[in-house]
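The values are calculated or read from the model by the stated rules, or taken from the named source; none is laboratory data. Computed from a predicted structure; not experimentally measured. Heads up, the Cβs are rebuilt from the backbone with ideal geometry, glycines too, and the neighbour counts pull from every protein chain shown. Protein only, heavy atoms only, side chains kept; ligands, DNA and RNA dropped before computing areas. Shrake-Rupley method; radii C 1.70, N 1.55, O 1.52, S 1.80 Å.
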Amino acid sequence: MRITTVIGNRPQFVKAAAVSGRIREIGSETTIHTGQHYDDELSAIFFTELGIPAPEVQLGIGSGSNTDQTARMLAALGPELERERPDLVLVYGDTNSTLAGALAGAQAGVAVAHVEAGMRSFDRRMPEELNRVLTDHASDLLLCSTPVAVDNLRREAVAGEVELVGDVMADVALAFAPVASERSRALVEHRVEEGDYVLVTAHRAGNVDDPARLEHLVEILEAVPHDVVFAVHPRTRARLEAVPELRDRLERAPHLRLARPLGYLDFLRLLTGARALLTDSGGAQKEAYVLGVPCVTLRDRTEWVETVEAGWNTLVDLEVAAALGALERPAPSAERPQLYGGGHAGERVRDLLAAYTAAP
Ligand code: UD1
């Protein structure tokens, strides 16, 4: 089998770590990096730490509006796929790089497989939701993390073949948590004690692009009654720089450590040691779940509904009182059901890709 994988930003590098090596055991893979993320701390460090094969092709697209970025990716991917003529194009998740890869594949007449298919927030204002829906309807093989995702796709009557595989990001979190415990010095570097701080990430356009929403985020962070490590994404940093008063408030708060974006091992180490995660990331919600860390989600809905149903995730949007209440709630004592495939999703993806590309 000859696969072309299109990836371009941080969560996709993590997901590829569960799959690329396995594809290369039994077939060939060409990885195209769109360049949506280009800073070392959002890109190169993940390849090094996770041992992902270096991309064969770098498109160097860089930043831009959703429309502009996706359009430039499409224009660059077309000739690459013409030259490669792979059996299948593989994409992950819900970013602009995902949609561009899927659409370019479909337009080139190449089969498209989508890992993390069927996730829905049912909020079309999120660029990611549009990317998810459009990618799924352009895909031939839809590889789902959860039964809820399978049901979503059945309801939408997608044309492609739908399979439940588990979650590849959960595979990587489970495999690398012990490595992170051994190698990372992040607790010392960020001056926090095991079990006695809150880890924060926030970068959703819907939370940081509007200064009024950004101010609510700042209010929540100021009010957390624990040490906080806030790993500031470049989008968030840029929005804070644009409203210096908000940036200064964060810098003045004595319990807050403002950090640059974290490498994967430092992130996992800080997550494992945290009393709770406060986040608007999708991926981090399930990473917290598989590592047994209570999560408080800065959104009013989530695609990862089973983490909420299991009692390990609470949705608070940007409400200060709700966020503080949720952070103080004790972790559920019940066992965590295994929701995401138990660390074997990457193997299932490999096997289904092999079967799909071998079919006459
Ligand atoms: C993108 C994804 C989002 C994902 C996130 C993970 C879309 C629509 N959004 O959001 O789903 O959760 O990646 O991080 O695809 N920038 C840098 N260095 C970089 C890359 C970006 O400084 O290497 C800055 C640029 O100013 C850029 C901004 O960050 O304008 C946002 O980057 P972009 O890739 O557009 O979206 P993300 O917010 O990262």
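The alpha-carbon positions of region 51-111 define a convex hull whose volume is 97 Å³ per residue. Taking the solvent-accessible surface of protein heavy atoms with a 1.4 Å probe, what is the per residue accessible area of region 172-328 in Å²? On a per-residue basis, region 172-328 sits at 38 Å². Here the chain is treated as a sphere whose radius is the Kirkwood value from Cα pairs; by Stokes-Einstein at 25 °C and 0.890 mPa s it diffuses with a coefficient of 119 µm²/s. Entry note, the chain: relative contact order of 16 percent, from Cα contacts under 8 Å with a spacing of 6+ residues. Mean sequence separation of contacting Cα pairs (under 8 Å, at least six apart), scaled by the length of region 194-285, corresponds to a relative contact order of 44 percent. Diffusion coefficient (Stokes-Einstein, Kirkwood radius over C-alpha pairs, 37 °C, 0.692 mPa s) for region 172-328: 212 µm²/s, rounded to a whole number.
Working from Cα pairs under 8 Å separated by at least six residues, relative contact order for region 172-328 is 27 percent. Peptides 309-320, 265-276, 59-70 ranked from most to least packed give 265-276, 309-320, 59-70, packing being the mean of other C-beta atoms within 10 angstrom over each peptide's residues.
Over the residues of the chain, the helix contribution to mean residue ellipticity at 222 nm works out to -14500 deg cm²/dmol, using -39500 (n - 2.57) for each DSSP H run of at least 4.
Within the accessible surface of the chain, defined with a 1.4 Å probe on protein heavy atoms only, the carbon and sulfur portion equals 51 percent.
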